[in-house]
Ligand SMILES: Cc1ncc(COP(=O)(O)O)c(C=O)c1O
């Protein structure tokens with residue numbers, strides 16, 4: 001066999017496939033409105049760029065420690081204390097090349113063949129594939145539109161088996177924008193502590209909570225902190241997706257193992273980029289707060305528009321920058337599933353959206369509203385016109 005069984009088990013990222021298809025059509029001169037992007041449409045702030053440029057000019061272009069520069073580990077630990085109310089020492093923080101790699105490293109150090117990881121659906125596309133790449137088995141637990149796609153401790157409990165090793169939580173969620181309320185997080189934390197289940201808490205969208213504050217599950221008790229990996233990144237909050245910088249915070253015994261992976265694979269996160277991230281920390285959330293207010297207006301507009309389309313229902317996302325409307329009423333005739341529906345939108349309306357099935361939920365689509373209000377208005381008009389023809 002030419003390839004490893006591991007790689008043959010895994011699918012390419014569907015969200016990147018759609019974005020690539022839309023870019024390809026655009027290159028051919030077709031006027032596409034894309035709602036596919038999983039990144040803010042704002043530029044990285046100048047103060048971050050300038051800090052990285054200064055670092056480059058000062059010759060900070062060599063290998064750094066595998067865990068990242070000490071100032072950044074300290075800065076992240078301080079932020080976790082001030083913003084998230086969790087006590088981590090800098091030795092319990094590792095700087096990673098984006099949250100994605102951080103998550104992959106967590107699964108790498110934890111999973112043995114047959115180990116199960118509970119993943120609430122709709123889920124971000126990479127969890128299941130990363131778990132499979134690390135020889136684990138994703139166990140999908142569905143959430144429902146009527147519950148705002150919020151996962152509950154009761155549903156998780158039903159999925160626990162003797163092989164359950166970990167649970168993935170993503171609040172606010174990509175793709176639904178669901179935010180798990182604090183009371184439910186408390187129940188989930190208790191369940192995991194009682195059943196010895198590790199928690200992988202992906203908090204990449206924490207800055208974008210539209211109703212109330214984000215709660216980090218590790219902040220709920222010392223016991224839950226001991227079993228939690230708090231994963232986050234500069235990517236979404238500081239519009240630094242291309243910089244590839246994130247972090248994992250966890251008890252030191254786990255961080256030590258992650259460091260083995262980093263030292264034998266990436267060596268270190270990019271040196272000068274880390275100085276840009278230091279500047280982002282100093283901003284203390286002002287930049288993401290500005291983006292959030294803009295995203296809120298767009299969210300309200302998109303939801304209102306979808307709700308005005310006959311047959312479509314749309315749960316109001318409480319965080320992140322995605323909407324996840326239910327389009328199942330349009331699955332009829334030649335449109336056999338949500339993938340056909342997105343193909344129809346791309347060909348008929350020249351609008352790119354991602355099918356819900358890519359996130360483990362059929363009959364829905366995901367739109368990112370991290371694109372200008374002009375694009376959103378034009379895109380929604382086109383969707384409405386195309387659906388009138390069906
Ligand atoms: C839920 C979630 N986690 C992690 C990531 C990856 O973040 P990063 O770009 O920092 O690797 C994304 C990016 O789309 C995401 O949506």
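Any read-out appearing in this document is the output of simple, stated calculations on the displayed coordinates, not a laboratory observation. None of these values were measured; they are calculated from a predicted model. Cβ atoms come from the backbone with ideal geometry, glycine included; neighbour counts cover every protein chain shown.
Distance from the Cα centroid of segment 271-297 to that of segment 319-372 is 30 Å (rounded to whole angstrom).
Average 1/r across all pairs of distinct alpha carbons in segment 231-332, invert it, and you get the Kirkwood radius: 17.0 Å. The Cα center of segment 158-182 and the Cα center of segment 129-144 differ in position by 11 Å. Considering the chain at the alpha-carbon level, its Rg and Dmax are found to be 20.7, 63 Å.
Listing 234, 306 from fewest to most neighbouring C-beta atoms within 10 Å gives 306, 234. For the chain, relative contact order (Cα pairs under 8 Å, six or more residues apart, normalised by length) works out to 23 percent.
Take the Cα of residue 85, step 7 Å toward its Cβ, do the same at residue 57, and the gap between the two points is 4.2 nm.
Across 123, 322, 301, mean-square fluctuation computed from a Gaussian network of the chain (C-alpha pairs under 10 Å connected) peaks at 301. Springs join every pair of Cα atoms under 10 Å in this Gaussian network model of the chain, and among 72, 345, 169 the largest mean-square fluctuation is at 345.
Note on the chain: antiparallel DSSP beta bridges, both residues inside, total approximately 45 percent of the bridges counted.
Ranking of 33, 160 by neighbouring Cβ atoms within 10 Å, starting from the fewest: 160, 33. The angle separating the long axis of helix 271-282 from the principal Cα axis of greatest extent in the chain is about 80 degrees.
Normalised by 2.2 N^0.38 Å, where N is the number of residues, the alpha-carbon radius of gyration of segment 62-284 equals 0.95.
Entry note, the chain: the mean residue ellipticity at 222 nm calculated from DSSP H runs of n ≥ 4, each adding -39500 (n - 2.57), is -12500 deg cm²/dmol after division by the residues and rounding to the nearest 500.
Using C-alpha pairs under 8 Å with a sequence gap of at least 6, the mean separation divided by the residue count of segment 62-284 gives a relative contact order of 29 percent.
Taking 286, 57, 81 as the candidate residues, the one with maximal mean-square fluctuation in a Gaussian network model of the chain, Cα springs under 10 Å, is 57.
Taking the number of Cβ atoms within 10 Å of each Cβ as an exposure proxy, the fewest-first ranking of 226, 129, 2 is 2, 226, 129. Calculate how steeply helix 14-27 sits against the longest principal axis of the alpha-carbon atoms of the chain, using the helix alpha-carbon long axis, and give the answer as 0 to 90 degrees to the nearest 10. With rounding to tens, the tilt is 60 degrees. Grouping the Cα pair distances of segment 1-155 into 5 Å bins from zero gives a pair-distance distribution of 2, 7, 9, 12, 14, 17, 17, 12, 7, 3, 0 percent in increasing distance order. Angle of helix 286-307 to the longest C-alpha principal axis of the chain, folded into 0 to 90 degrees and rounded to 10: 30°.
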